[in-house]
1. Of the residues Pro85, Pro78, which single one is within 14 Å of Asn28 (Cβ to Cβ) and either surrounded by fewer than 18 Cβ atoms within 10 Å (Cβ to Cβ) or not hydrophobic (A, V, I, L, M, F, W, C) (or both)?
2. If I filter segment 91-104 for residues that are within 14 Å of the ligand (Cβ to nearest atom), in contact with a Ser or Thr (Cβ under 7 Å, 6 or more places away or on another chain) and either in a loop (DSSP other than H, G, I, E, B) or β-branched (Val, Ile, Thr) (or both), do I get at least one hit?
3. Please pick out the residue among Val188, Val130 that is within 15 Å of the ligand (Cβ to nearest atom), touching a residue at least 40 places away in the same chain (Cβ under 8 Å), surrounded by 10 or more Cβ atoms within 10 Å (Cβ to Cβ) and under 24 Å from Leu21 (Cβ atoms).
4. Would you call Ser30 surrounded by fewer than 18 Cβ atoms within 10 Å (Cβ to Cβ), away from the ligand (no atom under 16 Å from the Cβ) and either touching a residue at least 12 places away in the same chain (Cβ under 8 Å) or in a helix (DSSP H, G or I) (or both)?
5. State whether the residues of segment 60-69 include one that is in a loop (DSSP other than H, G, I, E, B) and closer than 25 Å to Gly178 by Cβ.
6. Going by the structure shown, is Val200 more than 15 Å from the chain's Cα centre (by Cα), more than 23 Å from Phe4 (Cβ to Cβ), at pLDDT 95 or above and of a type in the set (A, V, I, L, M)?
7. Regarding segment 153-167, can at least one residue be identified that is acidic (Asp, Glu) and within 16 Å of the chain's Cα centre (by Cα)?
Amino acid sequence: MKFFIDTADVSEIREGLSLGLVDGVTTNPSLVAKTGRGFREVLTEICEIVDGPISAEVVSTDVEGMLKEARDVANLHPNIVVKIPMIEAGMQAVRVLATEGIRTNVTLIFSPTQALIAAKAGASYVSPFVGRLDDISHVGLELVEQIDTIYQNYAYETEIIVASIRNPLHVLEAALVGADISTIPLKVMKQLMKHSLTDVGLKKFLQDWEKVPKA
Ligand code: E4P
């Protein structure tokens with residue numbers, strides 16, 4: 001499973017890269033706003049340091065506006081993937097962008113039929129938001145399983161990015177389902193490596209090593 005990092009914060013991306021855990025990046029308007037920096041400035045820097053797909057989201061809600069933003073941002077770097085919201089106008093835009101060879105990531109996916117429509121439109125990626133579903137007592141990972149089944153039934157090439165990940169269990173479940181990609185906040189990436197028994201075990205090994213005669 002590929003790991004994308006879900007942030008627009010360049011220092012977090014650098015840290016994820018140093019851990020070898022960044023195969024790509026997903027951003028959204030809220031994550032960019034959190035950096036306090038300009039959209040193009042942040043994206044340009046991310047493109048300089050990451051060699052992988054980098055999702056950048058449009059904020060227009062009409063087809064022409066989305067197409068204009070998409071072409072503009074896609075021009076920044078070949079690694080840019082244009083993030084398009086799952087609305088009717090968005091699906092029209094995805095269809096046009098696919099014919100132009102511009103890759104898209106359809107975001108805010110909360111149902112399997114939305115994912116089916118996105119694949120039919122020619123989306124390169126879909127982003128089901130598991131954490132936000134869990135927040136309202138729907139099992140987010142069931143959505144990923146259903147999308148995976150549909151895509152296998154019809155051999156769609158659209159890749160599934162498990163998004164809105166809140167904890168290590170989400171990543172484990174995504175891997176067990178066989179999702180293509182998880183987009184993960186840095187904090188959760190670090191949690192994935194931790195285990196209290198590892199810490200206790202290492203402490204004991206190092207204590208015992210002190211008892212070994214130093215010749
Ligand atoms: C995905 O591409 C989104 O950027 C992100 O995963 C949303 O996560 P949130 O629900 O924690 O805002």
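The values are calculated or read from the model by the stated rules, or taken from the named source; none is laboratory data. The structure presented is a predicted model; accordingly, all values stated were derived computationally and were not measured. Here Cβ is always computed from backbone atoms with ideal geometry, including for glycine, and neighbour counts include all displayed protein chains.
1. Pro85
2. Taking every residue of segment 91-104 in turn, at least one turns out to be within 14 Å of the ligand (Cβ to nearest atom), in contact with a Ser or Thr (Cβ under 7 Å, 6 or more places away or on another chain) and either in a loop (DSSP other than H, G, I, E, B) or β-branched (Val, Ile, Thr) (or both).
3. None of the other options fit; the residue is Val130.
4. no
5. No, every residue in segment 60-69 fails to be in a loop (DSSP other than H, G, I, E, B) and closer than 25 Å to Gly178 by Cβ.
6. In short, yes.
7. Checked against the condition, which is being acidic (Asp, Glu) and within 16 Å of the chain's Cα centre (by Cα), segment 153-167 yields at least one hit.
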